[in-house]
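Trainee: Before we start, here is the structure in question, set down as structure tokens.
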Amino acid sequence: KRAMGGDIGLHEAEDEDVIDEGDEENYEDENDVHGAGGDDLLDIGGLSVNDNHRPPAPSSSSTGLDADLFATPSPTPAPEPRMTKVCSPEKSGGIELWAGFRRVSSSVRLELQISNVSSSVPVSSLAIQLNKNAFGFSPALQQVACQPPIPMGGSGKHTVELIRNPNMLAPLTEGQPASPQIQVAIKNMTTGLVFYFAVNFAFEALFAEDGALERAAFIESWKSIDDKKELYGTVADLPPSSTDIDRVASKFKMHNVFLIARRPVPNAEGQEVAYFSMRTGTGMEFLAELTFKKGVNAAKVCLKTQDIAYGVLAKVALETLLRSQ
């Protein structure tokens, strides 16, 4: 096992441990919604076209000077989600749809960008349903009210809060990593058209705000995890913001990935190692060691976790954050 405490140092990954950039996500096609359990999505077709129940509109708050004078500082804005085009207008009745995930105020959100490309019927109300997934997510509210309705040529952004539902948790295949894929069905409540898409979940949206471990707790956890539950990778072609540990720590903190310790690598000029901790709201814990070398726009990643089925997703999340600007 790796030395910790006063001897926190570099643990070189052997050549066979280094993964190629193209091997990080060996999952189903994001747009393939016909995998196991896909029939569950078809239930959305039973929703009535005339069902006009909508979530209540948020109440407006005071914006006067007296309300702002003693206001507490505004919280740091949540990071913008990485949006993926998931529906083309040819397959969804003239609607183009982009989707992404992020964490806002301790809750996971599915962000939707809806564009009415060619539908003569304004988009006023949608219903959303998720298939069983590795995270147990389901929408807090099925209805997506577009107010004002989106006419042809228009677009709008909408947020769907996701909650954990034990009945929506897909069983994991023993010895296989959890799938990041979220399969979604959307029903246009005005036209009755149902269309489907799949999108990979951004695992960093699960990282909770209380994920910073004390140094002693980090060391104890690191030692308690068997070496067989380590995952390795090398991330190349990093942007300048990901070659300096201070800037990496700042970027990571926005996603609740917390710097625990850092130190130069003994007998390796220009190399430095940093340790980070993450914890999900469901109690999964991930510990990471990142190694950097001055003048090299690459980093080695080692991740340890007892929840090895989700370890690949956590490692991919870190590597994705490293590649981001």
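Trainee: Using the structure shown, decide if residue 310 is more than 25 Å from residue 136 (Cα to Cα), of a type in the set (Ser, Thr, Tyr), modelled with pLDDT of 95 or more and open to solvent by less than 60 Å² (accessible area, probe 1.4 Å).
Mentor: no
Trainee: Out of the residues in the stretch 136-166 that are touching a His at 6+ places or on another chain (Cβ under 8 Å) and either open to solvent by less than 20 Å² (accessible area, probe 1.4 Å) or free of Cβ contacts under 8 Å to residues at least 12 places away in the same chain (or both), state the one that is nearest to residue 201 (Cα to Cα).
Mentor: 144
Trainee: In the set 320, 291, which member is of a type in the set (Val, Ile, Thr), more than 28 Å from residue 173 (Cβ to Cβ) and in contact (Cβ under 8 Å) with a residue 40 or more places away in the chain?
Mentor: From the options 320, 291, the qualifying one is 291.
Trainee: Follow-up. Condition check: open to solvent by 50 Å² or more (accessible area, probe 1.4 Å), among the small types (Gly, Ala, Ser) and in contact with a Lys or Arg (Cβ under 9 Å, 6 or more places away or on another chain). Does residue 295 satisfy that?
Mentor: Here the answer is no, as residue 295 does not meet what is asked.
Trainee: Output the number of the condition that residue 187 fails; it satisfies all remaining conditions of (1) closer than 17 Å to residue 311 by Cα; (2) open to solvent by less than 10 Å² (accessible area, probe 1.4 Å); (3) of a type outside the set (A, V, I, L, M).
Mentor: Among (1) closer than 17 Å to residue 311 by Cα; (2) open to solvent by less than 10 Å² (accessible area, probe 1.4 Å); (3) of a type outside the set (A, V, I, L, M), residue 187 violates only (1).
Trainee: Report yes if residue 133 is within 25 Å of the chain's Cα centre (by Cα) and open to solvent by 10 Å² or more (accessible area, probe 1.4 Å), otherwise no.
Mentor: no
Trainee: So, one more: Taking residue 176 as the residue in question, decide whether it is of a type outside the set (A, V, I, L, M, F, W, C) and loosely packed, with under 14 Cβ neighbours inside 10 Å.
Mentor: When the stated conditions are applied, residue 176 passes them.
Trainee: Could you list all residues from the stretch 241-284 that are open to solvent by 20 Å² or more (accessible area, probe 1.4 Å) and under 18 Å from residue 216 (Cβ atoms)?
Mentor: Scanning the stretch 241-284 gives 258, 259, 260, 262, 263, 279.
Trainee: Determine whether residue 170 is touching a residue at least 40 places away in the same chain (Cβ under 8 Å) and closer than 25 Å to residue 285 by Cβ.
Mentor: It is true that residue 170 is touching a residue at least 40 places away in the same chain (Cβ under 8 Å) and closer than 25 Å to residue 285 by Cβ.
Trainee: Same structure, new question: Being under 19 Å from the mean Cα position of the chain (by Cα) and not in a strand (DSSP E or B) is the filter here, so list the residues in the stretch 298-310 that pass it.
Mentor: The answer is 305, 307, 308, 309, 310.
Trainee: Residues in the stretch 60-75: is at least one at pLDDT 75 or above and under 29 Å from residue 317 (Cβ atoms)?
Mentor: no
The values are calculated or read from the model by the stated rules, or taken from the named source; none is laboratory data. Here the structure is a predicted model, which means the values were calculated and not measured. All Cβ positions, even for glycine, are placed from backbone atoms using ideal geometry, and neighbour counts span all protein chains on display. We work out accessible area using only protein heavy atoms, side chains counted, and drop any ligands, DNA or RNA first. Shrake-Rupley method; radii C 1.70, N 1.55, O 1.52, S 1.80 Å.
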